[in-house]
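Undergrad: This is the structure I have questions about; it appears just below.
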Amino acid sequence: MNITALEKTALSVRALSIDAVQKANSGHPGLPLGAAELGAILYGELLRHDPSDPAWADRDRFILSAGHGSMFLYSMLHLCGYRDMTMEDITTFRQVGSRAAGHPEYGMAAGIEATSGPLGQGIAMAVGFAMAETMLAARFNTAAHTIVDHYTYALCGDGCLMEGISAEASSFAGHNKLNKLIVYYDDNNITIDGSTSLAFTEDVAGRYESYGWQVLRGSMYDFAEIARLTAQAKAETDKPSLIILTSIIGKGSPNKQNTADIHGAPLGPDEVALARANLGIPGDFYIAPEAKEYFSAKQAEWKKTRGDWEALFAAWSQENPEKRREWDAMHSGTAAPAQLPVFKPGDAVATRTAGNKALCAIALANNNLVGGAADLKGPNAVGLPAEAGTWTSQTPAGRYIYFGIREFAMAAMCNGISLHGGLRSYCATFMVFADYLRPAIRMSALMKQPVIYVLTHDSIFVGEDGATHQPVEHLASLRVMPNLRVLRPADAEETAEAWVMAMERSDGPTVLALSRQNITVFPKADPDWQNTIRTGAYIARQPGDGTPDAVIIATGSEVGIALAAAEKLTDAKIRVVSMISKELFESQPAAIRDAIIPPGTRTLVCEAGVHNGWERWAKPQDILSVERYGESGPAAKVAEHMGMTVDALVGLLKAGSQ
Ligand SMILES: Cc1ncc(C[n+]2csc(CCOP(=O)(O)OP(=O)(O)O)c2C)c(N)n1
Ligand SMILES: [Mg+2]
């Protein structure tokens, strides 16, 4: 280990971070200054990676959970020679167009493994990465060839550990013995408001030990110790490791280090000058020549390591052509067609139940689909066929995941699994608990990850469980999230298509909103509905030719209400549109929209949720919605009590036509 080169690397991280934040007049110098030594040794000595091929499948992953310290990551990527992270990006840190965004953003620059900044989610995503590694290793390694063998590293701060999601994810990781997960804790006792003594005095080590982690301690400023502790973490084959590194926030800034002032504000010109003098930084955006030399030598080493792996992979491919075909299929990013379940009009099936049949069929055709529920495997109906097995530390090739009752971590872990590559992930809970996982859904959408969220029990038709379990505002609140696709199929046939639509998506997450209650499969007026549904809506009922007298837009179980209401008004030509995805439909060209909902035609909406968003399609008095929390009782009685019935819709239709 070249200590001088590592010291000069840490110096360069400090120099770049001080200047980038100062120039942007915005940013967080505290973490990169305080943890620069870890950056140097992690990227220089510990990580198995190759900047010339940042997508190398068997690279170690590093997730900066404390995403506010983004200059830590950008400095290291630049120093290592990741081509995406140029000096121009660094000198334009936090400006529009720079790859060095305020917080690391997945997709902006190769080498950024995950978007981070929402504290705590990085730890959970790291758990997901580590899970994915075990899954692929179990499936593809052979006695002769170990082609999947990498570690997942993360760096977290006090904030990540205060967030509840770290508890969910770390408890899960300990239970599942994710020994190739190594989390460094930047233990500086400072957050934005000041000392951690204000609000965080728990025994972190004791807590992690109780989760079943190996807990190690050392100094952030002792390279040999960090190397030794990391080796100890790797040697532990039964537990994840937390390496607590005592550190000084903003180290090197003579007047601001060890204070909250340096957490998230530029040093200011005077303190920049003092810090430079103190550290021995000779100029702007300084990179020490020793660091440069060190990393150019490393680049050759890294290339060789990856080259060795490529040779191993080629030999493995040669000997295991079938496994190789599966590897390619799993990494292709496209879903294989499945033998979908067939339903016929008149069948009474809950869409959650139909969804399970579709999921099982799709899972059989797509070996890379893994997932589970937050202790609601049965109620959400998201079990996998028996041959898919269960993912445990003993059976890592298994595909059904018992996440436990940890919705938020479940969703963030699914993001990690998806980001890792090679796998598709899904997860499930009751729709009413969508807000327990919402910040992770947002991250799926932001990171363009095709995670599938199965949210069942999607309305007041849940019945007896009552108001706490009946979603009312959730559909509307999910629909407003950019790049999230919400699909609410109206019967079993639509549900199978919805699952296919979710699998076809590669650039963002999908919510499948499914019913608890049985729904009768209805005949579809549009013979081509299986294609038309991909526009977000199709004509489910079409009375005769020509323009209808009125159009009812309905979603999910309320399509049945709309169909029944339309039948009751025998003297009017009423079209029923099943709108499986409002936002998808609204993104269609006008010609497609107008063909389904003719402009100028009276349009009504029926959905068992708040009206918000539907004003685009119907006048307020023509929207049959639910504007209050639900009631406990049998579903039909609750619906009657709340006015979500065929008669109520008939009443609306008649009222408007007078
Ligand atoms: C979920 C979430 N809540 C709040 C914030 C705002 N925030 C950013 S950094 C920070 C303090 C973090 O303290 P610590 O992790 O100790 O970082 P350090 O100050 O040591 O760099 C807070 C509250 C956030 N980014 N994410
Ligand atoms: Mg801190």
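Rule-based calculations on the coordinates, nothing more; no lab input. Keep in mind the model is a prediction, meaning the values are calculated, not measured. Cβ coordinates were reconstructed from backbone atoms using ideal geometry, including for glycine residues, and neighbour counts include every protein chain displayed.
Undergrad: Could you list T532, T191 so that the one with the fewest beta carbons within 10 Å of its beta carbon is first and the one with the most is last?
TA: Working: T532 18, T191 21.
Going from sparsest to densest Cβ surroundings: T532, T191.
Undergrad: Percent of Cα-Cα pairs per 5 Å bin, from 0 to the last occupied bin, for region 178-263, please list those.
TA: Once binned at 5 Å, the Cα pair distances of region 178-263 give 3, 15, 20, 20, 18, 13, 8, 3, 0.
Undergrad: Mind putting a number on the dipole of the chain about its Cα centre? Charges go on the C-beta only, +1 for Lys and Arg and -1 for Asp and Glu, and I need it in Debye to the nearest 20. Walk me through the intermediate numbers first.
TA: Details: 57 positive and 73 negative charges, 138 e Å.
Computed about the Cα centre, the dipole is about 660 debye.
Undergrad: Using only alpha-carbon positions, what ratio does the radius of gyration of region 114-199 give when scaled by 2.2 N^0.38 Å?
TA: Values: Rg = 15.4 Å, N = 86, 2.2 N^0.38 = 12.0 Å.
After normalising by residue count via 2.2 N^0.38 Å, the value is 1.29.
Undergrad: While we're here: Quick one: which of 56-63, 413-420 comes out on top by average Cβ neighbours within 10 Å, and what's the full order, highest first? Kindly include the intermediate steps, with their values, before the conclusion.
TA: Working: 56-63: 22.2, 413-420: 28.8.
Put in order of decreasing packing, that is 413-420, 56-63.
Undergrad: List the lysines whose Cα lies under 26 Å from the Cα of K619, skipping any in the same chain that are fewer than 8 positions away.
TA: Result set, ordered by chain and number: K568, K573, K582, K654.
Undergrad: Over all distinct Cα pairs, what is the inverse of the mean 1/r for region 225-285, reported as the Kirkwood hydrodynamic radius in Å? Walk me through the numbers before you get to the answer.
TA: Details: mean 1/r = 0.0707 Å⁻¹.
Over region 225-285, the inverse of the mean reciprocal pair distance is 14.2 Å.
Undergrad: Give me the distance between the Cα centres of region 10-36 and region 364-413, rounded to whole Å.
TA: If we compute the Cα centre of each part, the gap is 41 Å.
Undergrad: In straight Cα distance, which lysines are under 24 Å from K239, not counting same-chain residues fewer than 8 positions off?
TA: Within the straight-line cut-off, K239 pairs with K177, K180.
Undergrad: Now a separate question. Please get the size of the charge dipole for region 435-512, origin at its Cα centre, with Cβ charges of +1 on Lys and Arg and -1 on Asp and Glu, quoted in debye to the nearest 20.
TA: My answer is approximately 500 debye.
Undergrad: Under a Cβ-only charge scheme (Lys and Arg +1, Asp and Glu -1), can you give me the dipole magnitude of region 217-356 about the Cα centre, in debye to the nearest 20?
TA: Working: 17 positive and 18 negative charges, 55 e Å.
The dipole magnitude comes to about 260 debye.
Undergrad: Here's a follow-up. Using r as the Cβ-Cβ distance of K619 and N531, and R0 as 41 Å, what FRET efficiency do you calculate, to the nearest 0.05? Don't skip to the answer; put the middle values down first.
TA: On the way: r = 31 Å, r/R0 = 0.76.
In this case the efficiency is close to 0.85.
Undergrad: Something else about it: I want to verify the translational diffusion coefficient of region 564-658 in µm²/s; compute it with Stokes-Einstein, Rh as the Kirkwood radius over Cα pairs, at 25 °C and 0.890 mPa s. Could you put the intermediate results ahead of the total?
TA: Values: Rh = 14.6 Å.
Rounded to a whole number, D works out at 168 µm²/s.
Undergrad: State the answer as a single residue: which of T196, A260, I248 lies farthest towards the positive end of the charge dipole of region 196-279, with beta carbon charges of +1 for Lys and Arg and -1 for Asp and Glu, about the Cα centre.
TA: The listed residue farthest towards the positive side: I248.
Undergrad: Given only helices, namely DSSP H runs of n ≥ 4 each adding -39500 (n - 2.57), what is the per-residue ellipticity at 222 nm of the chain, to the nearest 500 deg cm²/dmol?
TA: Details: 25 runs with 272 residues, N = 658.
My calculation for the chain gives -12500 deg cm²/dmol from helical runs alone.
Undergrad: How high is the FRET efficiency between K637 and I192 when r is their beta carbon distance and R₀ equals 35 Å, given to the nearest 0.05?
TA: Details: r = 51 Å, r/R0 = 1.44.
For R0 = 35 Å, the calculated efficiency reads 0.10.
Undergrad: Moving to a separate point now. Compute the helix-to-body angle for 269-279: its Cα long axis versus the longest principal axis of the chain, expressed 0 to 90° and rounded to tens.
TA: 50 degrees
Undergrad: When the Kirkwood radius is taken over all Cα pairs of region 343-414, what Stokes-Einstein diffusion coefficient follows at 25 °C and 0.890 mPa s, in µm²/s? Can you show the working numbers first?
TA: Details: Rh = 13.1 Å.
The Stokes-Einstein estimate is 188 µm²/s.
Undergrad: Roughly what angle does helix 492-504 make with the longest principal axis of the chain, taking Cα atoms, 0 to 90 degrees, to the nearest 10?
TA: Helix 492-504 and the main axis of the chain meet at about 30 degrees.
Undergrad: Please turn the phi angles of region 108-118 into ³J(HN,Hα) values with the Karplus equation 6.51 cos²θ - 1.76 cosθ + 1.60 (θ = phi - 60°), one per residue in order, whole Hz, x for glycine and proline.
TA: Per residue, the Karplus-derived 3J(HN,Hα) values read 7, 8, 4, x, 8, 7, 7, 6, 9, x, x Hz.
Undergrad: Further question on the same structure: Which one, P523, V650, G600, is farthest towards the positive end of the dipole of the chain when Lys and Arg carry +1 and Asp and Glu -1 on their Cβ?
TA: So the residue we want is P523.
Undergrad: Which whole-number percent is the relative contact order of region 460-556 (Cα, under 8 Å, 6+ apart)? Walk me through the numbers on the way to the answer.
TA: Details: 89 pairs, mean separation 25.3, N = 97.
Worked out over region 460-556, it gives 26 percent.
Undergrad: Can you pull the three principal axis extents for the Cα set of the chain, in Å, largest first?
TA: 88, 60, 46
Undergrad: Could I ask something else about it? For region 211-227, what does the Karplus curve 6.51 cos²θ - 1.76 cosθ + 1.60, with θ = phi - 60°, yield as ³J(HN,Hα) per residue in whole Hz, taken in order and with x for Gly and Pro?
TA: Taking θ as phi minus 60°, the curve returns 6, x, 9, 7, 10, 10, 10, x, 9, 5, 10, 10, 4, 4, 5, 4, 4 Hz for region 211-227.
Undergrad: Follow-up. If I model a spin label at T547 and A591 as a point 7 Å from the Cα along the Cα→Cβ vector, what separation in nanometres do I get?
TA: Using points 7 Å along Cα→Cβ, the separation is 2.0 nm.
Undergrad: Tell me which of N141, M125, L216 sits at the most positive position along the dipole axis of region 103-248, charges placed on C-beta atoms (Lys, Arg +1; Asp, Glu -1).
TA: N141
Undergrad: What ranking of T390, T237 emerges when the number of other C-beta atoms within 10 Å of each C-beta is taken as an exposure proxy, fewest first?
TA: Working: T390 16, T237 8.
Placing the least packed residue first, the sequence is T237, T390.
Undergrad: Taking neighbour Cβ counts within 10 Å as the exposure measure, how do L46, L274, L178, L512 sort from fewest upward?
TA: Lowest count first: L274, L46, L178, L512.
Undergrad: Averaging sequence separations of C-alpha pairs under 8 Å and six or more residues apart, then dividing by the length of region 300-384, give the relative contact order as a whole percent.
TA: Working: 46 pairs, mean separation 22.0, N = 85.
Normalised by residue count, the contact order of region 300-384 is 26 percent.
Undergrad: For Y151, which sequence-distant residues (separation of 5 or more, or a different chain) have an amide H within less than 5 Å of its own amide H, given hydrogens modelled in the peptide plane?
TA: It is D60, R61, by chain and number.
Undergrad: A further question follows. Cα atoms only: what Rg and Dmax, in Å, come out for region 339-381?
TA: So, for region 339-381, Rg and Dmax equal 11.7, 34 Å respectively.
Undergrad: Another question about this same structure. Regarding region 219-369, what's the average projected area of the Cα-atom convex hull, expressed in nm²?
TA: Details: hull surface 72.6 nm².
Mean projected area of the Cα convex hull: 18.1 nm².
Undergrad: Same structure again: Relative to the longest principal axis of the chain, what angle (0 to 90°, nearest 10) does the C-alpha long axis of helix 289-319 take?
TA: 50 degrees
Undergrad: Below 8 Å, C-alpha to C-alpha, sequence gap of six or more: please give me the relative contact order for the chain in percent.
TA: Numbers: 1457 pairs, mean separation 77.5, N = 658.
Dividing the mean separation by the residue count of the chain yields 12 percent.
Undergrad: Any chance you could run the full-extension gain for D308 through D270? It's 0.36 nm times the residue separation minus the Cα-Cα distance, nm to one decimal. Don't skip to the answer; put the middle values down first.
TA: Working: separation 38, 0.36 × 38 = 13.68 nm, distance 4.97 nm.
Extending this stretch completely gives an extra 8.7 nm.
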